[in-house]
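One structure is given here, and the rest of the page talks about it.
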Amino acid sequence: MTGPFLTGPFLTGPILAGHDPMIGHDHHQQAGAEHDWAPLAVLAILACAYLWLAARRRAEPRGWNTWRTASFTGGLALLATALTGPVSTLATTDFRGHMLQHLLTGMLAPLALVLGTPLTLLLRSLPATHARRLTRLLRSRACHLAANPWTALTLSVGGMAALYCTPLYRYTSAIPATHHLVHAHFLLSGYLFAWAIAGADPAPRRPSVPARLTVLGVAIAAHATLAQLMYAGLAVDVPAPADQLRGAAELMYYGGDIAELLLALALITTWRPAHRRDHHAGQRTLGSVNDEPRPP
């Protein structure tokens, strides 16, 4: 999301006022500390499972890339930071804390997890029979639809628009169960988008790099537009004070810039075009685990 915030009359639009800020968050603040152990336990289990499998693969001739391990565990650390501790506490009283949670759980952590290539690690660790079953699943129509970048874009950006531009945020703020579902949606849709755009894991019928860059450009424009509307207090339904609304919009705008720049960088660095060997006509060497097509 490049470019400065809009200035002038656009920023003087009606900011939501007269509402109790952060409806329902007092209940979350009381219960949050008691349930911090739950996400930490899940993340610890995932970390242990990944590290165990990675250690086994490192003992093989092919080995396992240490940077992938660092990326995956770093993504889990970002999730732990977002869902527990000071960030989680801030999110219960300040909309800027909620937006920081969204940035971590929906954009930065998913990219780090995707670059850890957990699917490749799983395929290499499973017995051949189970690996073939998982491969067949990846080639299914349902997975093909889910792995399409436009589908991932719709789930990610569409979910944000539905949350902030409808009364949905009010309801999820008041009901803890739905509040947790929002976090789960941010994480899963963010992971799916990062996987579809720049994942090094296998994906069915992955589009060309120019096509994925086009989808990423649309995502950048959509995030920028939503951030501008939030900053101006237009077309959003978030019961937060004006300073919190603007601060959250700035986090979405500039934090999204960083996340999407990293995603574009990951797309470029993980892509390796096919090329023909000079002495073997008709043979092609692929430089990526994704068997990606050559760009036009």
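Within segment 135-151, the set of residues being more than 29 Å from Ala221 (Cβ to Cβ), assigned to a helix (DSSP H, G or I) and not β-branched (Val, Ile, Thr) comprises Arg136, Leu137, Leu138, Arg141. Considering only helices (runs of 4 or more DSSP H) fully contained in segment 74-122, which possess at least 3 residues that are buried (at least 23 other Cβ atoms within 10 Å of the Cβ)? Here the list reads 95-103, 109-115.
Here Ser156 qualifies as of a type in the set (S, T, N, Q) and under 14 Å from the mean Cα position of the chain (by Cα). Somewhere in segment 117-124, is a residue in contact with a Leu (Cβ under 8 Å, 6 or more places away or on another chain), under 23 Å from Arg62 (Cβ atoms) and among the polar types (S, T, N, Q)? No, segment 117-124 contains no residue that is in contact with a Leu (Cβ under 8 Å, 6 or more places away or on another chain), under 23 Å from Arg62 (Cβ atoms) and among the polar types (S, T, N, Q). If the condition is being of a type in the set (Ser, Thr, Tyr), assigned to a helix (DSSP H, G or I) and surrounded by fewer than 17 Cβ atoms within 10 Å (Cβ to Cβ), then segment 152-178 contributes Thr154, Tyr171, Thr178.
Each value in this text was obtained by applying a stated rule to the coordinates, not by laboratory testing. Everything quoted here is computed from the prediction, not taken from an experiment. When we count neighbours, we look across all protein chains shown, and the Cβ atoms used for this are built from the backbone with ideal geometry, even at glycine.
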